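Please treat every number below as a calculation from the coordinates, not as lab data. These numbers come from a predicted model, not from an experiment. Counting neighbours? That spans all protein chains shown, and the Cβs are built from the backbone with ideal geometry, glycine included.
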Amino acid sequence: MQQPIAILDSGVGGLTVVKEVMRQLPREKIIYFGDTARTPYGPRSAEEVQAFTREIVDYLIQFQPKMIVIACNTATAVALSDIRSRVAIPVVGVINPGARAAIGRTTTGCIGVIGTVGTIKSGAYENALRELSPHVQVISEACPNFVPLVEKGNFRSDETYDVVRASIAHLRQHPMDTLILGCTHYPFLTETISEVMGSEVALISSADETAREISTILHDKRKLAKNDQIPVHQFFCSGDPYMFKQIAQQWLGEQIDLTPVVWQVPNIS
Ligand code: DGL
């Protein structure tokens, strides 16, 4: 049996990481969980996000993954070390890869970060950036209205443009050459964000660098898949399967095998 890579998020956001893993590691089988019944995670307490992340990991462990990827910045910020202490396989988050990519890109040392309320409040990006480069200047802004737009598949409407413009108006007053999309949902809005920020600001998504980190770990552990058949990925979501499937197939450019999951635990609020 081929051991899969397990990837999770509060919803469709982690698919931005899935797409990059498929591109960089086409032999690897992926199992993906989107907790669409309880999205968004951004406004929730750290304890709640930790509890939800544990539940998803407990669910995914039945597939005997060789690695877990927390493709959600909010969950990475508050649950990465907790999950690492609970499982015996490598667990990768998206914040350090995003910070590394931004440091690699900036020339002025002025970096903006947008993310959910939970991620921005945690200060995780600022810490990760300063650990790499102590003199970097970081300006952060929470954009709580982005995730609901993405979960509805509303990527390019007038409403989206207005929400993006209003949410990042404050950031635009600060000089920066690099902006971290510190939520895995935000790459769905790349064109709109770029239009508002201007072409001189480079937008950084963690997906590319996260896939590279996955590749390096699997290589070092001699765990890279060696099969020659195309792997059959499996997707799970806890909420509306119709919307999830639509967005996933559009984003990934292929049909997906989706199983709706009904949580035993009534944690939905
Ligand atoms: N995509 C997630 C993140 O990167 C979660 C967004 C949310 O559910 O609020 O933070």
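Reported to two decimal places, what Rg/Rh ratio describes the range 1-51 when computed on Cα atoms with Rh from the Kirkwood expression?
Values: Rg = 12.9 Å, Rh = 12.1 Å.
Ratio value, two decimals: 1.07.
Calculate the dipole size of the range 123-269 relative to its Cα centre from +1 charges on Lys and Arg beta carbons and -1 charges on Asp and Glu beta carbons; express the result in debye to the nearest 20. Can you show the working numbers first?
Numbers: 11 positive and 19 negative charges, 91 e Å.
The dipole magnitude comes to about 440 debye.
Compute the projected area of the convex hull of the Cα atoms of the range 1-110, averaged over all viewing directions, and report it in nm² to one decimal place.
In nm², the orientation-averaged hull projection of the range 1-110 is 7.8.
Checking the table Lys19/Lys221; Lys152/Lys226; Lys29/Lys152; Lys152/Lys223; Lys221/Lys245 against a 30 Å threshold on Cα-Cα, which pairs fail? Show your work: numbers first, answer last.
Working: Lys19/Lys221 23 Å; Lys152/Lys226 37 Å; Lys29/Lys152 27 Å; Lys152/Lys223 37 Å; Lys221/Lys245 33 Å.
Lys152/Lys226; Lys152/Lys223; Lys221/Lys245, as the Cα separations exceed 30 Å there.
How many angstrom lie between the C-alpha centres of the range 1-33 and the range 190-248?
6
Which whole-Hz ³J(HN,Hα) couplings does the range 3-11 yield from phi under the Karplus relation 6.51 cos²θ - 1.76 cosθ + 1.60, θ = phi - 60°, glycine and proline marked x?
Coupling constants for the range 3-11: 6, x, 9, 9, 10, 9, 7, 6, x Hz.
What is the Cα coordinate range of the chain on the first, second and third principal axes, sorted by size from largest, in whole angstrom?
Computed over the chain, the largest-to-smallest principal extents equal 53, 39, 35 Å.
Specify the longest stretch of the chain that does not include any exposed loop site, a site being one of the GluC sites (Glu not before Pro) with a non-H, G, I, E, B DSSP assignment and at most 16 other Cβ atoms within 10 Å. Walk me through the intermediate numbers first.
Numbers: sites that count: Glu200, Glu254.
Free of exposed loop sites, the longest segment is 1-199.
How much mean residue ellipticity at 222 nm does the chain get from its helices, if each DSSP H run of length 4 or more adds -39500 (n - 2.57) and you divide by all residues, to the nearest 500 deg cm²/dmol? Working shown, then result.
On the way: 11 runs with 115 residues, N = 269.
My calculation for the chain gives -12500 deg cm²/dmol from helical runs alone.
Treat the count of other C-beta atoms within 10 Å as a stand-in for reagent exposure and order Arg54, Arg212 from fewest to most. Before the final figure, lay out each step's value.
On the way: Arg54 14, Arg212 17.
Going from sparsest to densest Cβ surroundings: Arg54, Arg212.
Where Rh denotes the Kirkwood radius from the mean inverse Cα pair distance, what is Rg over Rh for the range 160-269?
Numbers: Rg = 18.6 Å, Rh = 17.6 Å.
Radius of gyration over Kirkwood radius for the range 160-269 works out to 1.06.
Kirkwood hydrodynamic radius (Cα pairs, Å) of the range 112-195? Walk me through the intermediate numbers first.
Values: mean 1/r = 0.0756 Å⁻¹.
Evaluated on the range 112-195, it is 13.2 Å.
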